Amino acid sequence: MALELLAGPISFSVDGVSLPTWGAYYQQTYIQGIGLISLGVNPSGQPGGTYVAQLDGAAMFRSPFAWGAGSLILVPDLRKDTGIAMWDGNYSDFDAIACAPYPTPWLTTAAGASVASCVLPDRFLKIVWDKALWSGLTDSVNYVEEYAFTTNPPTGDATVSRTNKPGVICLAWRAEGQIRFYDTVNRIQVGETIYLGESFDACWYIRKWDIFLTLESNQLKVFANVVRPSSLSNPVALSAIAPGLVTQMQVRLLGAQNEPCVGEIINWAITSGDGFLVASQSETDENGYAQIGYACPVGSSGSATIAAEVDF
Amino acid sequence: MLRQTFTSQPFTYRLASDMPAGPYYSYLTTPPRIYGEEFDGGAAVAMFVNDDSPIFDVIYLLLQYKTEAWPSYLYRLHRWDATDGSYLGGLDTATGPGQHLFSQSRDGTLYAMDGSLANNVYKYSIDPTTHDLVTDGVVQFSFPSSTYSGFLQPMGYLIDNDLGLLIGGTSQNWVTVYDLATGAVKGSIPTPGYPVVVMAEDTSRCYVMTSSGNLVLVNYSTFQVLSCFRIQDPDFTSGVGTQGRSICWDRRYRRFLNWVYTPVDSTGQNTSVIGGYFPTPIPTYLTAPIPIRPPRKYQQTPILTRACGSIGEPAGATRVSLSVPTGTTVAQVNGFPANTDGDGEAIGYMDCLDSGSVTLSASATVL
């Protein structure tokens, strides 16, 4: 596992009664201030339709729309802050508050149209395996490649989420559990690839809290955008150690896929030999490195053993 | 769920001795029952608020009753003082608008639509002397579905004379906004169920009570949904298109008035009352606390909770407290209780003192 698990797996429930079946992953989306909206939920003894789930799996009935959701698909419409587009062969606005669609499509598509992964202000964006494709907002038929994701290229479908950075979206691929941030203005990946550590049916980035919400086999999990430590290198001196000098010692803390662990506290200690450390703790930087000063006493000789460990 | 701010007195049934006898519904006066009439168990016909000078505002409720005497039913109009909920009495309405679909505009004008294909609309008012519903019988508007495409009786509707608009229900999950004069469709607004009552709230805004029991506030000029919530005990005692008519928006006190039927007592006397509700959801659910950063020894961990209403709508300004079991040494709760924000979310903090596990609980204070 590469990201820290905060909660889960969590089952869905309605009025405290466990709900064994939730909606299909492509008929859901997370909206801040509302929750995880899902079409096609039909709990026993409860009205069927669109439900809203909280992060702890508690679900509430919202609308009778689409109790038999069929082939409907929900995709983020980034032209509005809580915009959702509903695909049924055409594109309609889906209101997140009422959990029901506007009746008139805003785009009636031609034959051969396929659903986008999200709607951008100036185009449709479709993620097909490791490729980002675009199409005009009156089209959705002819998609052209605009970017290819390299280094461990992902496969399969991707969930799209909003971020706090203008023009930047979060893409999460189901098959490998890969998460990448994509600048839709400059058409390029930004930042490192994140590895959740497991596959999922869908994964939404909750930008308000910098956490990820995943759906897998009708259960939710909440992950921190924090790499779970996997390996800590041995301390190395950045320069020659000599009596009377302070030498920087360095370790690197990495995740399972060699991602840097940022902001973690490293505890340092001298287990044998002379000298002292400038402090007992230091914090890893954006590349996963942590340093501490080791002072070698004047007139000292022999060796010293310096240990580093991390508590998590 | 909304905050209740008002409760009316129950209306009263009349004794059998005060009413004509007849061959129908003999159970009404079978001991221990002593009252000769009863609400028929269907939908309320109408509920509205009227300025009955010198009483500032009066709540009216029109119900269909079962009676022993021919023709076995009547329509009774009840009145309450909207300020203190005191029952002002009832009368058997002489105008017989029982099959009409009522709607009250923002200025208080009362309209009723008949069951004709033309969907003719008449203006009604309250006679200041008799307090009965009266009409001049003149057709004010006609809304045939051939002109007002999709408009369907008995769905709810609202007439906005100032803007020249008709906000009309369909048998789908939306309301349609029409040009009042021509029937041209201006736009549609999605709703969580088909609309059964449309209530004017303010300029260009109205509440829509839907068949699911959920309410939405919409702006019918911008075609936006502004909020969605659920009133406790929505009335669905009857069939399609007639549910939920026992709700109205009190324009003066800015509250919902909702009549919900409750069973009669052993003597057959009514127990139902009208509740008044402030249109702000109160929390009915608090999520389990979830850390949004991995707990680390000697570090502070932010903890997320969310307070929401019965359909997941946010409940702001709710005080949330975190706690750990007494004697816990692994962690302690840090700081004062947090108030939920506009999304219904609050962040509390936990200090991690040692390695190990801890059971963290959250509770909310609802004032």
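Quick look at the values:
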{"quantity": "Positions within region B:278-304 being more than 9 Å from every other protein chain (Cβ to nearest Cβ), part of a strand (DSSP E or B) and crowded, with 22+ Cβ neighbours inside 10 Å, in sequence order", "calculated": "B:Pro281, B:Leu286, B:Ile303"}
{"quantity": "Positions within region A:135-149 being more than 15 Å from A:Gln189 (Cβ to Cβ) and crowded, with 20+ Cβ neighbours inside 10 Å, in sequence order", "calculated": "A:Ser140, A:Tyr143"}
{"quantity": "Filter pass, A:Ala110 being outside any strand (DSSP E or B) and open to solvent by less than 20 Å² (accessible area, probe 1.4 Å)", "calculated": "no"}
{"quantity": "Residue that is nearest to B:Arg14 (Cα to Cα), among those in region B:82-130 that are touching a residue at least 12 places away in the same chain (Cβ under 8 Å), open to solvent by 30 Å² or more (accessible area, probe 1.4 Å) and of a type in the set (Asp, Glu)", "calculated": "B:Asp92"}
{"quantity": "Residue in region A:166-194 that is least open to solvent (accessible area, probe 1.4 Å), counting only those that are among the polar types (S, T, N, Q) and assigned to a strand (DSSP E or B)", "calculated": "A:Gln178"}
{"quantity": "Unique match (being part of a loop (DSSP other than H, G, I, E, B) and closer than 30 Å to B:Leu91 by Cα) among B:Thr129, B:Thr147", "calculated": "B:Thr129"}
{"quantity": "Residue in region B:230-241 that is small (Gly, Ala, Ser), open to solvent by less than 10 Å² (accessible area, probe 1.4 Å) and within 19 Å of the chain's Cα centre (by Cα) present", "calculated": "yes"}
{"quantity": "Enumeration of residues in region B:170-191 that are under 25 Å from B:Pro281 (Cα atoms), free of Cβ contacts under 8 Å to residues at least 40 places away in the same chain and open to solvent by less than 10 Å² (accessible area, probe 1.4 Å)", "calculated": "B:Ile189, B:Pro190, B:Thr191"}
{"quantity": "Lone unmet requirement of (1) in a strand (DSSP E or B); (2) more than 11 Å from chain A (Cβ to nearest Cβ); (3) of a type outside the set (S, T, N, Q); (4) over 32 Å from the mean Cα position of the chain (by Cα) for B:Val320", "calculated": "(4)"}
{"quantity": "Those residues of region A:1-36 which are under 23 Å from B:Gly193 (Cα atoms), within 18 Å of the chain's Cα centre (by Cα) and assigned to a strand (DSSP E or B), in sequence order", "calculated": "A:Gln28, A:Thr29, A:Tyr30, A:Ile31, A:Gly35, A:Leu36"}
{"quantity": "Set B:Gly137, B:Gly108: member being under 12 Å from B:Val49 (Cα atoms) and either in a loop (DSSP other than H, G, I, E, B) or not charged (D, E, K, R) (or both)", "calculated": "B:Gly108"}
{"quantity": "Test result for A:Ala279, open to solvent by 50 Å² or more (accessible area, probe 1.4 Å) and in a loop (DSSP other than H, G, I, E, B)", "calculated": "no"}
{"quantity": "Any hit, region A:89-96, residues being away from chain B (no Cβ under 14 Å) and under 30 Å from B:Phe229 (Cα atoms)", "calculated": "yes"}
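The values are calculated or read from the model by the stated rules, or taken from the named source; none is laboratory data. The shown structure was predicted, so the numbers you read here are calculated from the model rather than taken from an experiment. Quick reminder, even Gly has a Cβ in these numbers, built from the backbone with ideal geometry, and neighbours come from all protein chains shown. Areas reflect the complete protein model, heavy atoms only, side chains present, ligands, DNA and RNA absent. Shrake-Rupley method; radii C 1.70, N 1.55, O 1.52, S 1.80 Å.
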